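Read the structure below first, then the notes.
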Amino acid sequence: DLHLRAPAGAGKTFVALHAALSTLRTARGSRVLFVARNEALALFAAAWLARRCPAGARRRRLLGRIDLLHEPIGRGPCSLRAVRGRVERRWPAAAAEEYSLLLVDEAHHLYDNAASRAAIERLVGPRTRRLLLSDVSQAVARSIAYPAGAADVHFSEVVRCS
């Protein structure tokens, strides 16, 4: 497990999306759950991942291995599918045997709420890797109950390449 902390705009989501893509491309049968408080961020992540895969059957297979979870968290994850070049969501997601990777963007908000934290943690299996992303400027003064044992990584420098 890894907890990546950095200021807004430092590239946390970018790193997480590349980790998701790498997991999906290299681990046959892997499943990824992208969790975000904000629906727009979750949809952005789904679209970003879909654009990195050729259209057609390969894109459909890739999207079939990604689930999204956003507020209201209690509704549970949704599954994704490609329909006429668009990404569509369906609730509830098919029950995943176990997620290979669980990405939590804005973890400082989601883990600060006991109900959200419990709902997310129920989706963690024994072999699930977590990648938590937190904004250091928004989490400094709070005592947030993050999962124990995650390696703490802090971005100290932002490098842009456009």
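The values are calculated or read from the model by the stated rules, or taken from the named source; none is laboratory data. Since the structure is predicted, the reported quantities are computational estimates derived from the model, not experimental observations. Neighbour counts run over all protein chains shown; Cβ positions are idealised from the backbone, glycine included. We work out accessible area using only protein heavy atoms, side chains counted, and drop any ligands, DNA or RNA first. Shrake-Rupley method; radii C 1.70, N 1.55, O 1.52, S 1.80 Å.
If I take R0 = 25 Å and measure r between the Cβ atoms of Ala95 and Glu39 in this structure, what FRET efficiency does the formula 1/(1 + (r/R0)^6) give, to the nearest 0.05? Don't skip to the end; give the middle numbers.
On the way: r = 22 Å, r/R0 = 0.88.
So the FRET efficiency works out to roughly 0.70.
Rounded to a whole number, what % of the accessible area of region 24-162 do carbon and sulfur atoms account for, probe 1.4 Å?
Taking all protein chains in place, region 24-162 shows 49 percent carbon and sulfur surface.
Roughly how many whole Å is it from the C-alpha centroid of region 20-50 to that of region 2-18?
So the separation of the two Cα centres works out to 14 Å.
Anyone know which of His70, His108, His18 comes out most mobile in the 10 Å Cα GNM of the chain?
His18
Summing -39500 (n - 2.57) over the DSSP H runs of n ≥ 4 in the chain and dividing by its residue number, what mean residue ellipticity at 222 nm do you reach, to the nearest 500 deg cm²/dmol?
-8500 deg cm²/dmol
Heavy-atom accessible area per residue, the chain, 1.4 Å probe: how many Å²?
Heavy-atom SASA per residue in the chain reads 54 Å².
With an 8 Å cut-off on Cα pairs and a minimum separation of 6 or more residues, tell me the relative contact order of the chain in percent.
Normalised by residue count, the contact order of the chain is 34 percent.
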